[in-house]
Amino acid sequence: RPDRDWWKQSVVYQIYPRSFCDSNGDGIGDLPGITSKLDHLKLLGVDVVWLSPVYASPQDDNGYDISDYRAIAPEFGTMAEFDEMLAQMHARGIRLMMDLVVNHSSDEHAWFQEARKSRDNPYHGYYLWRDPKADGSPPTNWEAAFNGSVWEWNEATGEYYLHMFSRKQPDLNWENPALRAEVYDVMRFWLDKGVDGFRMDVINMVSKPWNADGSLPDAPVVRGGFLQPGFALTCNGPRLLEFLREMREQVLDHYDTITVGEAPLATITQGRELTNPETGALNMLFQFEHMDLDSVGGHVNGKWALKPLDLRDLKATMTRWQDALYQQGWNSLYLNNHDQPRPVSRFGDDGRYRVASAKMLATFLHGMQGTPYVYQGEELGMTNVAFPSIDDYQDIEIRNMYRVATEERGMDPAEVMASIHAKGRDNARTPMPWDTSANAGFTTGTPWLKLNPNYPQINAAQAVADPASVFQYYRRLIAMRRVHPVLVHGRYALLVPDHPQLYAYTRTLSKGAGEPAECWLVVCNFSGDTPVFDLPADVPASGCDWMLGNYPPCEGDALHGSPLRPWEARMLRLH
Ligand code: TEU
Ligand code: CA
């Protein structure tokens, strides 16, 4: 391709297949359903689709537990329907990233079925086993993300196996070159079918930071009532770059791909190391710092212990990553996905100012340097839900946390439900609302998870028809990235860092000698108040052009002494 960095100008749309569109009335989204809605994506203007897993799976974690990496789960369709979907995407100029889940497999994968039979089975070394402590207890006190211990007993071999997530998701042993070779073969299988790249699930867990002698540290018990997954103990091991460089040399460099590595607790140093174009391995990472600002202890202590977001923390975090990767690597830009609550409920105002704040959040995100990711329904301004009963929720993480917190740790069910309403993953997994017909046109059957009750007001048909909708705003925002190189290559610089409600930054693109640099200003009001913005004196500007905004252009000087309206966003070209 003429521009090998096409992924820097792309906008990616994430589809969670179970909740996108059901074509056969079983209440579960599927591949033909996706194919039937590709024109929605074309209209939105996205360049790439990231498809969450559709491989064969017992669905213990909705497909993030894979039992055959080369087969399509019957719930989602057939390989022929996959091929048709891919052809229809390519026909529309839309590329496809698959979700590569290789930190762990399903316990129903043939590899694990063999491995657990005996300690000298040829597949035994594909997984991570440990003997019990002298008293028979698990090797460490670590907690898994989806239930008690990360260690599950295996009777046939008299030892424990590691699973950072559910007991049906045994971690794979990347220290074993034979296992790594199997992963690379799986990648070639999909790339040879024409797939354009991968999102790599918890990829910074594939090298575990364990002691060289194999001994494992116990976790410091920082007791809240909630689960505290031992991520910090199993992320970012010493061989991560080595493994991913090997993957790049053996597979990725032989194809024209886009790659993003999901990396909970990734540090900035890793961001630079792993995304360096020459010495790195992947195009970009999903780092989690900005996702952990509104909970006590983030991933280490669990996301359920809530605390209010301070905008200055968000500004500091985003600015650190923008500055660190400028001309060194590349950022992903995201505010939500299938694991995170809806941004307009989490960071905006999902009541009176839902539309304005959804547009503001999009402007804040897409104005920065990196590849933006739009999660299904984000383009509609979809909100969280608050189902009354734990029985309304399907997510293994929600259900197991609720059981442990209320039954084993005596927490107040009302307090636990409040955390679920704020941070539960099913907030993002309510079925995509297409129109105002029964079940919002998602299914003719009974949806696997209840719809958001506000679908009569928030659905794709309404959004496409309404010129002032969040959807139409996203279309204009996405199109700008293709037209204005400053949005792709311009240097980011934070302004007014200490302002508690305004997030303002510039993007500056140097032109040829003698030509003045092009400078854009993005100002976002993260509040329902009307704070005044004053362009700092060290940013030279005598005027500006309104490039985009979620309100009509203001009267008078937009740069000095200008009050922003509630949740207002302005994208201005300075001159
Ligand atoms: O998520 C990895 C991860 O960090 C999760 O702990 C996620 O952030 C958490 O559930 C939020 O509370 C990936 C997938 O995105 C997730 O859907 C899977 O459940 C998980 O890995 C295991 O494959
Ligand atoms: Ca279906």
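Summary of values
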| item | result |
| --- | --- |
| Test result for R188, within 16 Å of ligand 1 (Cβ to nearest atom) and open to solvent by 20 Å² or more (accessible area, probe 1.4 Å) | no |
| Extreme residue, surrounded by the most Cβ atoms within 10 Å (Cβ to Cβ), among residues of the stretch 125-139 that are assigned to a strand (DSSP E or B) and in contact with a Pro (Cβ under 9 Å, 6 or more places away or on another chain) | Y127 |
| Which listed residue, of L282, L314, is open to solvent by less than 10 Å² (accessible area, probe 1.4 Å), hydrophobic (A, V, I, L, M, F, W, C) and not in a helix (DSSP H, G or I) | L282 |
| Which listed residue is of a type in the set (A, V, I, L, M), touching a helix residue (DSSP H, G or I) at 6+ places or on another chain (Cβ under 8 Å) and open to solvent by less than 10 Å² (accessible area, probe 1.4 Å), from V374, V404 | V374 |
| Any hit, the stretch 109-124, residues being within 23 Å of A263 (Cα to Cα), without any contact (Cβ under 8 Å) to a residue 40 or more places away in the chain and not in a loop (DSSP other than H, G, I, E, B) | no |
| Among the candidates P264, P341, residue that is within 12 Å of ligand 1 (Cβ to nearest atom), open to solvent by less than 10 Å² (accessible area, probe 1.4 Å), at pLDDT below 95 and assigned to a loop (DSSP other than H, G, I, E, B) | P264 |
| Test: residue in the stretch 295-312 that is more than 16 Å from ligand 2 (Cβ to nearest atom), among the aromatic types (F, W, Y) and out of contact with any Leu (no Cβ under 8 Å at 6 or more places or on another chain) | no |
| Count of the stretch 58-71 residues which are closer than 17 Å to W190 by Cα and either among the charged types (D, E, K, R) or open to solvent by 20 Å² or more (accessible area, probe 1.4 Å) (or both) | 4 |
| Breaking point among (1) under 21 Å from G29 (Cβ atoms); (2) surrounded by 15 or more Cβ atoms within 10 Å (Cβ to Cβ), for A80 | (2) |
| Members of the stretch 191-211 found to be within 16 Å of ligand 1 (Cβ to nearest atom) and at positive phi, listed by number | V202 |
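The values are calculated or read from the model by the stated rules, or taken from the named source; none is laboratory data. Just so you know, these numbers come straight off a predicted model, no measurement behind them. We place every Cβ from the backbone using ideal geometry, glycine too, and count neighbours over all the protein chains shown. Please note that ligands, DNA and RNA were not included when accessible areas were found on the heavy atoms of the full protein model with its side chains. Shrake-Rupley method; radii C 1.70, N 1.55, O 1.52, S 1.80 Å.
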